[in-house]
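In what follows, a structure is listed as structure tokens, so that the remarks can point back to it.
The values are calculated or read from the model by the stated rules, or taken from the named source; none is laboratory data. The structure displayed is predicted, hence computed values, not measured ones. Here the Cβ is made from the backbone with ideal geometry for all residues, glycine too, and neighbour counts use every protein chain on show. The accessibility values were calculated without ligands, DNA or RNA, using every heavy atom of the protein model including side chains. Shrake-Rupley method; radii C 1.70, N 1.55, O 1.52, S 1.80 Å.
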Amino acid sequence: MKALVLGGGGREHALAWRLAQSPLVQMVYVAPGNGGTALDKRLQNIALTDVVALREWAQEARIDLTVVGPEALLAAGVVDEFRKHGLRIFGPTQAAAQLESSKAFSKDFMRRHGIPTARHETFTDPELAHQCVNQWGAPIVIKADGLAAGKGVVVASTLEQAHQAIDDMLGSNRLGVKLNQVGACVVIEEFLAGEEASFMVMCDGVSVLPLATSQDHKRLLDHDQGPNTGGMGAYSPAPVVTPEVHARVMREIIQPTLDGMKKDGIVYTGFLYAGLMIDANGQPKTLEFNCRLGDPETQPILMRLKSDFFSLLWSATAGELDRLGVDDVLWDHRAALGVVMASRGYPLSPEWGHTISGLIREASDAMVFHAGTAWDGYQLRTQGGRVLCVTALGRNVQLAKERAYQVLKQIAFEGQQFRTDIGHLAIRSTRKGNESARP
Ligand code: AMP
Ligand code: GLY
């Protein structure tokens with residue numbers, strides 16, 4: 001069989017690496033891939049990113065199965081395009097991908113179908129937004145949307161910070177008077193207290209199969225400080241997702257979401273990722289949905305997958321996930337932890353083009369997944385914000401962490417930055433004796 005992975009980040013390197021280990025697979029193509037997928041003889045990069053060009057190439061190359069990594073291709077309708085031409089592809093359609101691509105769609109969807117999430121209101125008028133903040137009080141969350149979207153998310157612990165965030169995002173002055181930012185809007189959200197977790201499942205349109213649980217670290221710096229990033233590290237399993245929490249997430253969030261989509265006339269196929277906030281009583285609420293796997297969560301999750309990944313994706317694209325029980329999918333009982341090495345300047349303006357040295361060959365308990373790297377035939381260079389995700393297995397999160405940092409210490413490139421505390425929440429809760437996470 002021939003498989004095609006769409007995308008070029010660390011998540012896609014992990015997808016392709018796992019697929020290539022299947023005895024059913026002769027070749028895995030990665031479009032466009034990165035330096036890591038270029039260097040692996042079992043993988044071949046294809047320099048295409050356009051939806052129609054990818055479909056034409058897949059037809060010509062007689063690809064048996066395609067799996068989509070990034071959201072942008074899903075939002076551009078790559079699944080619809082491939083299916084229209086009879087190609088087998090795992091991912092949600094363009095309509096289903098709105099669950100991630102439009103915050104307004106997903107919040108409205110959750111409200112209509114009773115899926116637990118933070119209360120929210122959307123504003124374009126600064127004065128009304130300031131009034132809302134005064135009414136709801138702090139802490140409160142201000143999210144940029146529409147034309148203000150680049151300005152991010154502010155978790156404001158004081159009213160002062162919240163008012164400032166509104167002014168920054170809506171381009172208004174301290175009295176809330178608008179200064180020509182037509183089309184900008186903010187979402188004001190209730191603050192949810194608790195611990196975050198990433199909960200990912202596979203859906204075939206009828207049945208759903210949960211993957212191993214995970215947690216990522218979104219902030220750039222140690223102690224969860226600094227700006228938000230795509231993720232600076234992750235580990236699996238997540239101790240906060242106890243068997244009870246797991247059952248609640250499936251019952252209260254995942255199943256109602258798939259049922260709600262069906263009621264709205266959309267059949268959901270593909271990976272579904274619920275970003276959760278779990279409070280002290282174990283009540284999970286949805287922070288956001290993603291219609292894809294997480295990056296870097298995929299790297300530790302796939303490091304732990306022992307079942308044949310190609311067969312899993314084949315079943316999922318044949319509508320046969322119901323034949324597999326949760327216990328048929330085998331996970332390494334060890335923990336896995338990945339540390340992201342990023343370029344100087346990430347996330348705002350990462351530097352590119354530095355030589356990378358000290359990479360190890362794959363070991364039985366460690367793997368360096370590439371993201372922003374390029375191989376020119378002679379040298380491996382940095383070519384992106386997040387460069388590598390150094391991932392390792394260990395008997396527990398602490399040991400996986402020690403092994404990952406041991407491998408990381410040998411790697412070097414100019415301007416490298418990484419966090420030194422990946423896994424700190426899991427290590428703390430394991431010390432408290434909470435090791436009952438599943439799987
Ligand atoms: P988002 O871009 O919406 O995923 O938010 C980025 C980060 O902001 C999340 O990972 C949380 O850490 C935090 N956050 C977002 N919404 C909330 C909320 N309603 N309550 C508490 N923290 C939040
Ligand atoms: N690591 C978070 C994400 O993939 O969205």
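Structure notes:
- Index of the failed condition, Cys132 passing every other in (1) open to solvent by less than 70 Å² (accessible area, probe 1.4 Å); (2) away from ligand 1 (no atom under 16 Å from the Cβ): (2)
- Top-ranked residue of region 210-224 - restricted to ones that are more than 30 Å from Leu330 (Cβ to Cβ) and in a strand (DSSP E or B), ranked as modelled with the lowest pLDDT: Arg219
- Counted residues, region 223-267 - those being within 16 Å of ligand 1 (Cβ to nearest atom), touching a residue at least 24 places away in the same chain (Cβ under 8 Å) and open to solvent by 30 Å² or more (accessible area, probe 1.4 Å): 4
- Filtered residues of region 159-176 (kept if over 19 Å from Asn228 (Cα atoms) and open to solvent by 50 Å² or more (accessible area, probe 1.4 Å)): Leu159, Glu160, Asn173, Arg174, Leu175
- Within region 362-397, the residues that satisfy the criterion of being open to solvent by less than 50 Å² (accessible area, probe 1.4 Å), in contact with a Gly (Cβ under 7 Å, 6 or more places away or on another chain) and in a strand (DSSP E or B) are Phe369, His370, Thr373, Ala374, Leu380, Thr382, Val387, Cys389, Val390, Thr391.
- For region 391-439, a residue qualifies if it is farther than 26 Å from Asp327 by Cα, at pLDDT 95 or above and among the charged types (D, E, K, R), and the qualifying residues are Lys401, Glu402, Arg403, Lys409, Glu414, Arg419, Asp421.
- Considering residues of region 17-52 that are in contact (Cβ under 8 Å) with a residue 60 or more places away in the chain and outside any loop (DSSP other than H, G, I, E, B) only, the residue farthest from Leu73 (Cα to Cα): Leu39
- Residue match in region 272-280 (condition: away from ligand 2 (no atom under 16 Å from the Cβ) and surrounded by fewer than 22 Cβ atoms within 10 Å (Cβ to Cβ)): yes
- Residue within region 152-165 that is in contact (Cβ under 8 Å) with a residue 40 or more places away in the chain and more than 21 Å from the chain's Cα centre (by Cα) present: no
- Subset of region 233-289 (residues that are part of a helix (DSSP H, G or I) and of a type in the set (S, T, N, Q)): Gln255, Thr257
- Verdict on Leu305 being open to solvent by less than 10 Å² (accessible area, probe 1.4 Å), touching a residue at least 12 places away in the same chain (Cβ under 8 Å) and on the phi < 0 side of the Ramachandran plot: yes
- All conditions but one from (1) within 16 Å of ligand 1 (Cβ to nearest atom); (2) of a type outside the set (S, T, N, Q); (3) on the phi < 0 side of the Ramachandran plot apply to Met202; the one that does not is (1).
- Qualifying residue in region 177-187 (condition: in a loop (DSSP other than H, G, I, E, B), closer than 26 Å to Asn290 by Cβ, open to solvent by 10 Å² or more (accessible area, probe 1.4 Å) and more than 15 Å from ligand 1 (Cβ to nearest atom)): yes
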